[in-house]
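What follows is a set of notes on a single structure, which appears directly below.
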Amino acid sequence: MSASPKPLKNIRVRFAPSPTGPLHMGGVRTALFNYLFAKKYGGRFILRIEDTDPQRSKKEWENDLLKSLEWLGILWDEGPCPSFILEKSRGIADSSSYIGDYGPYRQSERKEVYVKYLKRLVEEEKAYYCFCSKEELEAYKEYLMSIGQPPIYQGRCRNLSKEKVNAYLRQKRPFVIRFKTPSAQKIIFEDLVRGKIEFDSSLLGDFVIAKDFYTPLYNFSCAVDDFEMGISHIIRGEEYISNTPKQILLQKALSFPQLEYAHLPLILGPDRKKLSKRHGAASISDWRNKGYLPKALINFIAFLGWNPGTEKETYSLSELIEDFSIEKIQKGGAIFDINKLDWLNGIYVRKKSADQVTQMCLPYLENAGLLGKTEKTIKSEEELLPVSCFLITKTGEEVSQDKIEKIISLYQERLRKFSDITSLIDFFFVESLEYEKGLLKWKNMSDRDTIKSLDKCYKILSKIKEQEFNKESIEKSLLKQAEKMQNRGYLLWPLRVALTGKQASAGPFEIAEILGKEKTLKRIKKAKEKIK
């Protein structure tokens, strides 16, 4: 059984990413669970940027995570100024501005805070200077491993005299600052997901907390910032469990209150190994570019390690807040299922209007070279009016946005993500289709049977007047003939393939109407030639 949280008042949680790469699913899940927990109990959700590594931290990655969180709707109460506030401020604020009273919220701007606490630990002899070289440390590590001992620092510089330390400092010897870990102590905490967790301090050694007074390391800066920012609960991935005892020791040494911890399960691929690129893992900006919707991603990510215990599968953000509880977070790994994400995204796509779906699909059609924008003017009775239209780039044929919407609407029910639209409807925008002639055959049809079927379609459709060439008349005329045949597929399958060149597509009646009589007959004729 997992532990129950203490009375939930003054909740303050934080998401503290390092801007060393794009934001991925795991980071978003951590942010989302913190956000849901805060909103559930009327608390505050803080975004803190842990950018103390100048070599790896990049502004572009910080911008990526800020934009990704905003796009997903995971908005922070305190932290770097969001773009929508910057836009409204009209230049009064800039990208270094903050919202909240506990800033700055970038660790690179909090160095003076860390210096104060580092000096305090050294002065109170709870931390010390370590002058051991890398070579010495590596040699000692190998020695410990060779005699079956854990490769931890055993405190070689722990008891250096003040005179020795001052002499080394005057010589400008390189140093780090190590925490003086109490020996043989049990470090125990109640994890809100995993229950009681216990560590032995003798297995930690005297760990490094700073490279120098102005370059703190993760565990130290994290413990200090969590205290300074009034954080009440730490919700993060299980890979951080090993850091928890070190942070608890630092909290005790600095007389900080011990926090509540909840460690989330790993996200795994279908093979139950840690999620990686080979499983289809991608950054949030990649998912966005592929045409996934933020509501679908939020819905999907919420179920990676959390289960409300109901049959309900689609949740809005407000519904997630209402139903969320830490007690329902699972201990076991969460399986990342791309098929489930596609299914969910399809649900949200179908909720969009035809116009909205069209607007979201157009960039993919343009990027694929199927459509290109151009400006035209048309003459009304009073003036020349500018009109936007689209050119089919391979043929130069103009097509209205209404027609594009009609085409896309045929496939809205089939869409899983917006980037799929190009492969679904590309046949509308090309002069000739590329496909194997065998695709034209329904089941055991021979070449002769297929040509015969296409001939009948050609003759029937030829008789429909141009102005009456619509779905209703096409369907009525073809079905009348199909009823005379052994199976509808013998007539309609070759026709549909002739018009689309695809194994699966929308119905041939709707497609023929959009293509128009001339293009429809032309494609039937080419299909016959392909078989011959």
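Scanning the stretch 58-85 for residues that are buried (at least 19 other Cβ atoms within 10 Å of the Cβ), of a type outside the set (Phe, Trp, Tyr) and under 24 Å from residue 220 (Cα atoms) gives 62, 65, 78, 79, 80.
Determine whether residue 227 is among the aromatic types (Phe, Trp, Tyr), at pLDDT 95 or above, assigned to a helix (DSSP H, G or I) and under 13 Å from residue 249 (Cβ atoms). No: the conditions fail for residue 227.
Condition check for residue 343 on (1) at pLDDT 95 or above; (2) under 20 Å from residue 22 (Cβ atoms); (3) surrounded by fewer than 17 Cβ atoms within 10 Å (Cβ to Cβ): one failure, at (2).
Just to check your reading of the model, which residue among 484, 522 is of a type in the set (Lys, Arg), assigned to a helix (DSSP H, G or I) and without any contact (Cβ under 8 Å) to a residue 24 or more places away in the chain? 522 is the lone residue from the list that is of a type in the set (Lys, Arg), assigned to a helix (DSSP H, G or I) and without any contact (Cβ under 8 Å) to a residue 24 or more places away in the chain. Filtering 280, 309, 333 for residues that are assigned by the TED database to the domain that holds residue 24, buried (at least 18 other Cβ atoms within 10 Å of the Cβ) and at pLDDT below 95 leaves a single hit, 333. For the stretch 277-319, the set of residues classified as of a type in the set (A, V, I, L, M, F, W, C) and part of a strand (DSSP E or B) consists of 306 only.
Would you be able to say whether some residue in the stretch 255-265 is touching a Pro at 6+ places or on another chain (Cβ under 7 Å) and not hydrophobic (A, V, I, L, M, F, W, C)?
Checked against the condition, which is being touching a Pro at 6+ places or on another chain (Cβ under 7 Å) and not hydrophobic (A, V, I, L, M, F, W, C), the stretch 255-265 yields at least one hit.
Answer yes or no: is there a residue in the stretch 190-207 that is within 20 Å of residue 119 (Cβ to Cβ), among the hydrophobic types (A, V, I, L, M, F, W, C) and either buried (at least 18 other Cβ atoms within 10 Å of the Cβ) or in the same structural domain as residue 123 (by the TED database) (or both). Yes: one or more hits. The condition (being closer than 18 Å to residue 488 by Cβ and touching a residue at least 24 places away in the same chain (Cβ under 8 Å)) is satisfied by just one residue among 443, 459: 443. The single condition from (1) touching a Gly at 6+ places or on another chain (Cβ under 7 Å); (2) closer than 30 Å to residue 174 by Cα; (3) not β-branched (Val, Ile, Thr) that residue 237 fails is (2). Scan (1) among the hydroxyl-bearing types (Ser, Thr, Tyr); (2) in a helix (DSSP H, G or I); (3) under 30 Å from residue 357 (Cα atoms) for the single condition residue 490 breaks and write down its number. It fails just one condition, (3). For residue 512, are the conditions met, namely being touching a residue at least 60 places away in the same chain (Cβ under 8 Å), buried (at least 20 other Cβ atoms within 10 Å of the Cβ) and under 27 Å from residue 415 (Cα atoms)? No; evaluated as a whole, the condition is false for this residue.
Count of the stretch 320-349 residues, restricted to those that are of a type in the set (D, E, K, R) and outside any helix (DSSP H, G or I), is 2.
Scanning the stretch 411-459 for residues that are part of a loop (DSSP other than H, G, I, E, B) and of a type in the set (Lys, Arg) yields a count of 5.
Name the residues in the stretch 158-185 that are part of a helix (DSSP H, G or I) and free of Cβ contacts under 8 Å to residues at least 24 places away in the same chain, would you? Listed by number, the residues that qualify are 162, 163, 164, 166, 167, 170. Looking at the stretch 126-162 only, could you name the residues that are of a type in the set (Phe, Trp, Tyr), within 18 Å of residue 211 (Cβ to Cβ) and exposed (fewer than 12 other Cβ atoms within 10 Å of the Cβ)? Correct list: empty. Which is surrounded by fewer than 15 Cβ atoms within 10 Å (Cβ to Cβ) and at pLDDT 85 or above, of 441, 476, 456? The match here is 476.
Only residues that are touching a residue at least 60 places away in the same chain (Cβ under 8 Å) and assigned to a helix (DSSP H, G or I) were counted in the stretch 36-64, giving 5.
The values are calculated or read from the model by the stated rules, or taken from the named source; none is laboratory data. Bear in mind the structure is a predicted one, so any value in this text is a computation, not a measurement. Cβ sites come from the backbone with ideal geometry, for glycine too, and all protein chains shown count toward neighbours.
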